[in-house]
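Bear in mind these aren't lab numbers, they're just calculated from the coordinates by the rules spelled out. All values reported here derive from a predicted model rather than from experimental measurement. A quick note on method: Cβ atoms are made from the backbone with ideal geometry, for glycine too, and the neighbour counts reach across all protein chains shown.
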């Protein structure tokens with residue numbers, strides 16, 4: 001993949017787009033493309049951190065497993081989004097498993113290059129702090145979601161966050177590609193329950209269902225249903 005194409009994809013992310021040009025250039029200069037096949041693991045929980053990653057194409061599934069072996073999906077990381085900085089900063093192991101879904105291309109900035117940016121560029125720490133603040137806000141949002149919202153509210157919250165991600169990536173389509181099984185994993189429910197909720201949202205003209213896809217028809221209504 002050509003470097004200008006990679007930069008175009010990365011620039012669709014608001015955090016990367018806000019970086020000074022010299023820092024954006026450094027990430028692209030130090031980063032190496034890595035291709036994962038469908039279901040190939042990037043890292044497991046408790047692995048040592050070896051790099052700062054950005055999804056260029058495909059997506060990464062972030063999850064944990066219960067003692068019974070059931071997978072609990074936290075999120076899917078979409079193209080343009082960076083991840084992996086927390087373990088690089090605090091020196092602690094990875095907190096979750098990360099698998100590729102479909103063929104996935106990543107840009108990997110090695111640990112040594114990531115750490116060198118703090119030494120060579122004073123402004124780098126401020127941008128990383130801003131990225132960490134985004135993580136904290138997202139975590140608080142998830143705590144609110146699971147503690148206060150009904151299953152319908154949780155599902156609408158998740159769909160709304162995915163739709164906002166599309167807007168951040170400057171996508172012209174409000175069509176989400178995700179299966180009902182995957183949505184059930186996100187809210188720790190059953191596919192049958194998710195299907196009933198989606199059917200009711202479709203009847204209310206909030207969404208439209210297609211095979212493996214969900215089209216957002218009324219994002220304002222969706223956001224309101226996902227509020228506490």
Helix-derived mean residue ellipticity, 222 nm - over the chain, DSSP H n ≥ 4, -39500 (n - 2.57), to 500: -14500 deg cm²/dmol
Could you state the angle between the C-alpha long axis of helix 151-168 and the longest principal axis of the C-alpha atoms of the chain, as a value from 0 to 90 degrees rounded to the nearest 10? 40
Two-decimal log10 I(q)/I(0) for the stretch 92-167, as the Debye equation yields it once each C-alpha is a single scatterer, q = 0.12 Å⁻¹: -0.57
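Report the gain in length on full extension from residue 134 to residue 47: 0.36 nm times residue separation, minus Cα-Cα distance, nm rounded to one decimal.
Working: separation 87, 0.36 × 87 = 31.32 nm, distance 2.34 nm.
So the chain would gain 29.0 nm between residue 134 and residue 47.
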Hey, what did the chain get for relative contact order, percent, Cα under 8 Å, at least 6 apart? 20
Given that compact globular proteins tend to follow 2.2 N^0.38 Å, what is the ratio of the alpha-carbon Rg of the stretch 1-130 to that value? 1.05
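What is the calculated FRET efficiency for residue 150 to residue 4, with r their C-beta to C-beta distance and R₀ = 41 Å, to the nearest 0.05?
0.35
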A chain fully extended from residue 23 to residue 70 at 0.36 nm per residue, minus the present Cα-Cα distance, gains in nm 12.9 nm
Crossing angle, helix 191-203 versus the chain [Cα axis fit, 0-90 degrees, rounded to tens]: 70
Over the alpha carbons of the chain, what is the largest minus smallest coordinate on each principal axis, giving the biggest first in Å? 55, 41, 33
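Using the 2.2 N^0.38 Å rule of thumb for compact globular proteins, work out how the stretch 150-225 stacks up: its C-alpha Rg over that value, please.
My calculation over the Cα atoms of the stretch 150-225 gives 0.99.
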Going 7 Å from the Cα of residue 33 along its beta-carbon direction, which residues of the stretch 89-125 have the amide nitrogen within less than 13 Å of the resulting point? 104-108
Percent of Cα-Cα pairs per 5 Å bin, from 0 to the last occupied bin, for the stretch 97-228, please list those. 2, 9, 15, 19, 17, 13, 10, 7, 5, 3, 1, 0
